[in-house]
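Note sheet for the following structure.
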Amino acid sequence: MVIQRWQSVMLLIAGVMMGIFSFCSLGQIQSEAYTFNVTALGICREGIATAPDEATGMSTIFLFIVSLLAFILPIVDIFCFKNLRLQKNVALISALFTVAAGIIVAFTSSGFASGFGENVSWSIFICAPIVALIADILAFRLITADGKKLRAADRLR
């Protein structure tokens, strides 16, 4: 019996999307005096500081760690095909990290922007966690379907 490995494709898509999310610019905050770039590593002011008391941004290293885990786990999960229970658990944990990364970036950058009375203009890469979450859920369902196929084939033997 040949098992289709579509869950590997879904896990690869989830990993690539979270890799893009981790390393690309997610948006900008434009205030009257400054422009801030939002990334997973932090919210950084673009340009050179001219006074020491000016706003410089904030570090979001926790967001970077969570998004990096959501990037690494699906890639590692592709190679856990011999243990379906482990593969399902890693896919579920990856989905939770993906959701956490999306929530953290939304709240931290919106909170930072509201301090200046501005809104965040998001880039297209902010949709990467949504695509990764859908791919993680599909991979979980496909892993479950493969487990059912394997159990059915074992019963026939």
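The values are calculated or read from the model by the stated rules, or taken from the named source; none is laboratory data. Remember, predicted model here, so these are calculated numbers, not experimental data. Methodologically, a virtual Cβ is constructed for each residue, glycine included, from the backbone with ideal geometry; neighbour enumeration extends over all protein chains shown. Note: accessible area is taken over every heavy atom of the protein model, side chains too, but ligands, DNA and RNA are not part of it. Shrake-Rupley method; radii C 1.70, N 1.55, O 1.52, S 1.80 Å.
Between L156 and L41, the contour length at 0.36 nm per residue exceeds the Cα-Cα span by 36.1 nm. Only helical runs count toward this figure. For the chain, summing -39,500 (n - 2.57) over DSSP H runs of n ≥ 4 and dividing by all residues gives -21500 deg cm²/dmol at 222 nm.
In this rough spin-label picture, where each label sits 7 Å from Cα along the Cβ direction, the N83-T144 distance is 2.1 nm.
Taking Cα atoms only, the orientation of helix 128-156 departs from the longest principal axis of the chain by about 10 degrees.
Evaluate E = 1/(1 + (r/R0)^6) for W122 and A33, where r is the Cβ-Cβ distance and R0 equals 35 Å; express this FRET efficiency to the nearest 0.05. It comes out at approximately 0.95. Take 76-88, 134-146 and order them by the average number of nearby Cβ atoms within 10 Å per residue, most first; the result is 134-146, 76-88. Labels on offer are (1) 41, 12, 11; (2) 34, 15, 14; (3) 32, 16, 11, and the one holding semi-axes √(5λ) of the Cα gyration tensor in Å computed from this structure is (1). Overall, the accessible surface of the chain at a probe of 1.4 angstrom is composed of carbon and sulfur to the extent of 69 percent. In the full protein context, the chain carries 58 Å² of accessible surface per residue, based on a 1.4 Å probe and ignoring ligands, DNA and RNA.
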